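The values are calculated or read from the model by the stated rules, or taken from the named source; none is laboratory data. Note that this is a predicted model, so its numbers are computed, not measured. Cβ coordinates were reconstructed from backbone atoms using ideal geometry, including for glycine residues, and neighbour counts include every protein chain displayed. Keep in mind that these areas ignore ligands, DNA and RNA; they rest on the heavy atoms of the full protein, side chains included. Shrake-Rupley method; radii C 1.70, N 1.55, O 1.52, S 1.80 Å.
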Amino acid sequence: QVQLVESGGGLVQAGGSLRLSCAASGSIRGFLVMAWYRQAPGKERELVAGISSIGTTNYADSVKGRFTISRDNNKNTVALQMNSLKPEDTAVYYCNRVSGGYLPWGQGTQVTVSS
């Protein structure tokens, strides 16, 4: 089964930027939609951004205009460029597919935005 490894998180001041990367151990080409999710302390996991196999994207209202998702089916990677970060973006970020059942969740990558 495909394994997912997220990286790129860190501590950043409000207004700063981070680029997250998700590396899959196998092909993601057949996955219709890949997405980034996040989970803040005490809150449920939420979908932040998704991208289809042909590049169609969608975003949660809270990140629209600030985050950009991309995928490389040749390298089996999914990235999330996060700009104009806000303290409320603080969470552990995960990638996974949207349909076909979740793959095993990776360890995630912590993003902390200080005010």
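With every protein chain kept in place and ligands, DNA and RNA left out, what is the accessible area per residue of the chain? Probe 1.4 Å, answer in Å².
51
Let me check against my output: what whole-number percent is the relative contact order of the chain, with C-alpha pairs under 8 Å and at least 6 apart?
37
Scan region 37-115 for trypsin sites (Lys or Arg not before Pro) in coil per DSSP, keeping those whose Cβ has at most 13 other Cβ atoms within 10 Å, and list them by number.
In loop regions of region 37-115 (DSSP not H, G, I, E or B), the sparsely surrounded trypsin sites (Lys or Arg not before Pro) are Lys43, Lys64, Lys75.
Extending each Cα 7 Å along its Cβ direction at Ser21 and Ser84, get the distance between those two points in nm, one decimal.
Computed distance between label sites Ser21 and Ser84 equals 2.7 nm.
Tell me, what HN-Hα J-couplings in whole Hz come from the Karplus equation 6.51 cos²θ - 1.76 cosθ + 1.60 at θ = phi - 60° for each residue of region 76-84, using x for Gly and Pro?
Result, rounded to whole Hz: 6, 10, 10, 10, 9, 8, 10, 10, 6.
Considering only the chain, what is the antiparallel percent among its DSSP beta bridges, to the nearest 5?
Beta bridges within the chain, antiparallel portion: roughly 90 percent.
Tally Lys and Arg at +1 and Asp and Glu at -1 over the other residues with C-beta under 11 Å from the C-beta of Ala49: what net charge comes out?
Net charge around Ala49: +3.
Once you list every other residue whose beta carbon is under 15 Å from the beta carbon of Pro104, what net charge do they have if Lys and Arg are +1 and Asp and Glu are -1?
With Lys, Arg at +1 and Asp, Glu at -1, the net is +1.
Among Gln110, Ala14, Ile69, which residue has its Cα furthest toward the positive end of the charge dipole of the chain, with +1 on Lys/Arg Cβ and -1 on Asp/Glu Cβ?
Ile69
Please report the carbon-and-sulfur percent of the accessible area for region 20-59; probe 1.4 Å, protein heavy atoms only, DNA, RNA and ligands left out.
With neighbouring chains kept in place, the figure for region 20-59 is 54 percent.
With a Förster radius of 30 Å, plug the Cβ-Cβ distance of Trp105 and Asp61 into 1/(1 + (r/R0)^6) and report the FRET value to the nearest 0.05.
Working from the Cβ atoms, E equals 0.80.
Label points 7 Å out from Cα along the Cβ direction at Gln3 and Ser52: separation in nm?
3.2
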